[in-house]
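Shown next, in structure tokens, is the structure this report addresses.
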Amino acid sequence: MVPPWPPFAIRVGLVTPLDAGGTRFERDALVEVDDHGRLARVEPWSSASSPASVDDLRPLFVLPGLVDLHAHLPQLPNAGLGQGLDLLTWLERYIFPLERAFDRRAAEHLAPHAFRAFAAAGTTTVVLYGAVYEASIDAAFTAAEAHGIRAVIGKVMMDRLRYDPALRDAEVLEASLRQTRDLIERWHGRDGGRLQYAVTPRFAVSCSEELLRESAALAAATGTYWQTHLSEDRGEIAEVRRLFPAALDYTDVYERAGGLGARSLFAHAIHLGDRELGRLVETGSRVAHCPASNLFLASGAMDLARYRDAGLCVGLGSDIAGGPDLSLFGVMRAGAYTQSGLRSMLGAQGAPLTPQDWLRIGSLEGARALGLERTIGSVQVGKEADLILVDPEVTMPIPGLRDDQPDGALDDLLSRLIFRTQRDMIRAAWVRGRRLDAAPPARSHVDA
Ligand code: GUN
Ligand code: FE
């Protein structure tokens, strides 16, 4: 579907971070989307200026669609499995077998369900790793194109510790680069930039120096993103030290390959030394914080206050299936619990993060991590209408007991969305003003 499509106006509550800082909170607002999917009006309701046709959706609230900076499409079926294993064992046991089988057919089957599930969880932008097979990435992009979600996707590149037995070792690097180049040509920038490509070397343990270098050069030459994992798990870090003895540290492995910069997105990055943190900040590199995954796989905890004080750009990632849940509200919850725990362990420094901060990190900061903060990430006039509609009432301890909601309590509303997330609290999701299908599958469909 190409624009123009039908414009619409809704009367609704509104919660959004603002570009200039702070959060806007209205119980009764007008949100108008034009025929190119842009926000044309966002203002307090006033019947004097109300448009002719408007849907009254109160007491529901519009929020910006959430931005998931890190998820693995083929891993979704194993979400919630393997807790207690260390990262490298978990990958071998639960993940590589799944990805090895993720051919075109598997991707065609799973991807449409996955995109509906992301939308149902409130995610309107998703940054995905696929598997190593080119055809499965075509299938994933095709499904994203049809569904309407905003997506950045990449074929996983690995030329050691790999799982694609069809190729001989000597062929892997060349084939991986060629397939990545072809996928970029077919998909990067499609639908006016709604679909983008991320060159995706898995992590230093699975990649030769040459693959890292060539992949970074390819991303730079094509204006695509470059994404990988960084400093997630102690065993992984030890393995990287063994494989790259000349590097100063894990971050330096990627820097030597030309991989740091504003189009580079690093998942996890929880065990960084000061030198590494400094280099990420100085190069403008971006980080996908995945606290639910870090707890699930016992990887550790990010000292987020230290990172933010240093000026690092941090958004959120579900890391499905390292994280057990697609919901970024659940990821905010894991992050909030982690930071509370750290505060009491390390001794509190600075102000604690509030529910408003977590919403901002999951939306506007995620957009900023992708360089899209002028396009999405908040509900503000001129931006594209990537929105979700939430029903705070179902987050009440006893839904229906409505007098439990004090008037004007923004943090209370957000606190319940984050700490009492419910499956049915996301009532709709739009990208560029186009409603996303978020319907759950029929049971037989999924089991087939
Ligand atoms: N590091 C390398 N590959 C992966 C992966 O698939 N998941 C997680 N969580 N970490 C990784
Ligand atoms: Fe991951």
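The values are calculated or read from the model by the stated rules, or taken from the named source; none is laboratory data. Worth saying up front: this structure is predicted, and the values here are computed from it rather than measured. Using ideal geometry, Cβ is built from the backbone for each residue, glycine included, and neighbour counts are taken over all protein chains shown.
Within segment 253-271, being touching a Gly at 6+ places or on another chain (Cβ under 7 Å), in a loop (DSSP other than H, G, I, E, B) and over 15 Å from ALA219 (Cβ atoms) holds for ILE270, HIS271.
ASP35 - would you say it is surrounded by fewer than 18 Cβ atoms within 10 Å (Cβ to Cβ), assigned to a strand (DSSP E or B) and out of contact with any helix residue (DSSP H, G or I) (no Cβ under 8 Å at 6 or more places or on another chain)? So ASP35 fails the test.
Test ARG202 against the stated conditions and say whether it is basic (Lys, Arg) and surrounded by fewer than 19 Cβ atoms within 10 Å (Cβ to Cβ).
Judged against the criteria, ARG202 is not a match.
Could you tell me whether segment 237-252 includes any residue that is buried (at least 24 other Cβ atoms within 10 Å of the Cβ), within 14 Å of ligand 1 (Cβ to nearest atom), modelled with pLDDT of 95 or more and assigned to a helix (DSSP H, G or I)?
So in segment 237-252, the residues buried (at least 24 other Cβ atoms within 10 Å of the Cβ) come out as 250-251.
The next check asks that each one be within 14 Å of ligand 1 (Cβ to nearest atom); those that pass are 250.
Those left that are additionally modelled with pLDDT of 95 or more: 250.
Retained after the next criterion (residues that are assigned to a helix (DSSP H, G or I)): 250.
Yes, that holds for at least one residue.
The lone criterion from (1) out of contact with any helix residue (DSSP H, G or I) (no Cβ under 9 Å at 6 or more places or on another chain); (2) among the charged types (D, E, K, R); (3) more than 16 Å from ligand 2 (Cβ to nearest atom) left unmet by ARG202 is number (3). Those residues that are more than 14 Å from ligand 1 (Cβ to nearest atom), in contact with a Leu (Cβ under 8 Å, 6 or more places away or on another chain) and over 21 Å from ASP386 (Cβ atoms), I need them from segment 56-107; list them, please. Scanning segment 56-107 gives a single hit, ALA107.
Restricting to segment 331-352, count the residues that are in a helix (DSSP H, G or I) and either surrounded by fewer than 19 Cβ atoms within 10 Å (Cβ to Cβ) or on the phi > 0 side of the Ramachandran plot (or both).
Residues of segment 331-352 that are in a helix (DSSP H, G or I), as a first pass: 331-346.
With either surrounded by fewer than 19 Cβ atoms within 10 Å (Cβ to Cβ) or on the phi > 0 side of the Ramachandran plot (or both) added as a condition, the list becomes 337, 340-346.
Total meeting the criteria: 8.
Tell me which residues, restricted to segment 381-398, are more than 11 Å from GLN422 (Cα to Cα) and assigned to a strand (DSSP E or B). Hits for segment 381-398 are GLU384, LEU387, ILE388, LEU389.
Quick one: which residue in LEU230, LEU265, LEU212, LEU177 is within 20 Å of TYR133 (Cβ to Cβ), crowded, with 17+ Cβ neighbours inside 10 Å and not small (Gly, Ala, Ser)?
On the way: LEU230 fails: within 20 Å of TYR133 (Cβ to Cβ); LEU265 fails: within 20 Å of TYR133 (Cβ to Cβ); LEU212 fails: within 20 Å of TYR133 (Cβ to Cβ).
Going through LEU230, LEU265, LEU212, LEU177 in turn, just one is within 20 Å of TYR133 (Cβ to Cβ), crowded, with 17+ Cβ neighbours inside 10 Å and not small (Gly, Ala, Ser): LEU177.
For segment 205-228, how many residues are more than 16 Å from ligand 2 (Cβ to nearest atom), out of contact with any Asp or Glu (no Cβ under 6 Å at 6 or more places or on another chain) and not in a loop (DSSP other than H, G, I, E, B)?
To start, the set of residues in segment 205-228 that are more than 16 Å from ligand 2 (Cβ to nearest atom) comprises 208-224.
Now drop any that are not out of contact with any Asp or Glu (no Cβ under 6 Å at 6 or more places or on another chain), which leaves 209-210, 212-224.
Among the residues that remain, those that are also not in a loop (DSSP other than H, G, I, E, B) are: 209-210, 212-222.
Count: 13.
Pull out all pairs, ordered by first then second residue, where Cβ-Cβ is under 9 Å, the residues are six or more apart or on different chains, the first lies in segment 374-392 and is on the phi > 0 side of the Ramachandran plot and surrounded by 24 or more Cβ atoms within 10 Å (Cβ to Cβ), and the second is among the hydroxyl-bearing types (Ser, Thr, Tyr) and in a loop (DSSP other than H, G, I, E, B). Once the first residue is on the phi > 0 side of the Ramachandran plot and surrounded by 24 or more Cβ atoms within 10 Å (Cβ to Cβ) and sits in segment 374-392, its partners that are among the hydroxyl-bearing types (Ser, Thr, Tyr) and in a loop (DSSP other than H, G, I, E, B) give GLY377/SER363. For GLY21, the criteria (1) among the small types (Gly, Ala, Ser); (2) surrounded by fewer than 21 Cβ atoms within 10 Å (Cβ to Cβ); (3) within 27 Å of ALA292 (Cα to Cα); (4) touching a strand residue (DSSP E or B) at 6+ places or on another chain (Cβ under 9 Å) hold in every case but one, which is (4).
If you take the residues in segment 419-439 that are among the small types (Gly, Ala, Ser) and part of a loop (DSSP other than H, G, I, E, B), which one is surrounded by the most Cβ atoms within 10 Å (Cβ to Cβ)?
Step one: filter segment 419-439 for residues among the small types (Gly, Ala, Ser), giving 428-429, 433, 438-439.
The next check asks that each one be part of a loop (DSSP other than H, G, I, E, B); those that pass are 433, 438-439.
Details: GLY433: 24, ALA438: 20, ALA439: 11.
The qualifying residue surrounded by the most Cβ atoms within 10 Å (Cβ to Cβ) is GLY433.
Among helices (runs of 4 or more DSSP H) entirely within segment 45-163, having at least 2 residues that are away from ligand 2 (no atom under 15 Å from the Cβ), in contact (Cβ under 8 Å) with a residue 40 or more places away in the chain and aliphatic (A, V, I, L, M) singles out 104-121, 134-147. One residue stands out in segment 268-309 among those that are more than 16 Å from ligand 2 (Cβ to nearest atom) and over 21 Å from ARG368 (Cβ atoms): the one that is surrounded by the most Cβ atoms within 10 Å (Cβ to Cβ), namely ALA301. Among residues of segment 310-327 being of a type in the set (A, V, I, L, M, F, W, C) and in contact with a Phe, Trp or Tyr (Cβ under 8 Å, 6 or more places away or on another chain), the one that is surrounded by the fewest Cβ atoms within 10 Å (Cβ to Cβ) is VAL314. With respect to the conditions (1) of a type in the set (A, V, I, L, M); (2) more than 30 Å from HIS147 (Cβ to Cβ); (3) within 15 Å of ligand 1 (Cβ to nearest atom), ALA170 falls short on a single one, namely (3).
Residue count for segment 272-317 satisfying the condition of being outside any helix (DSSP H, G or I), away from ligand 1 (no atom under 12 Å from the Cβ) and of a type outside the set (Gly, Ala, Ser): 10. Report yes if ALA269 is touching a helix residue (DSSP H, G or I) at 6+ places or on another chain (Cβ under 8 Å) and within 12 Å of ligand 1 (Cβ to nearest atom), otherwise no. Here the answer is yes, as ALA269 does meet what is asked.
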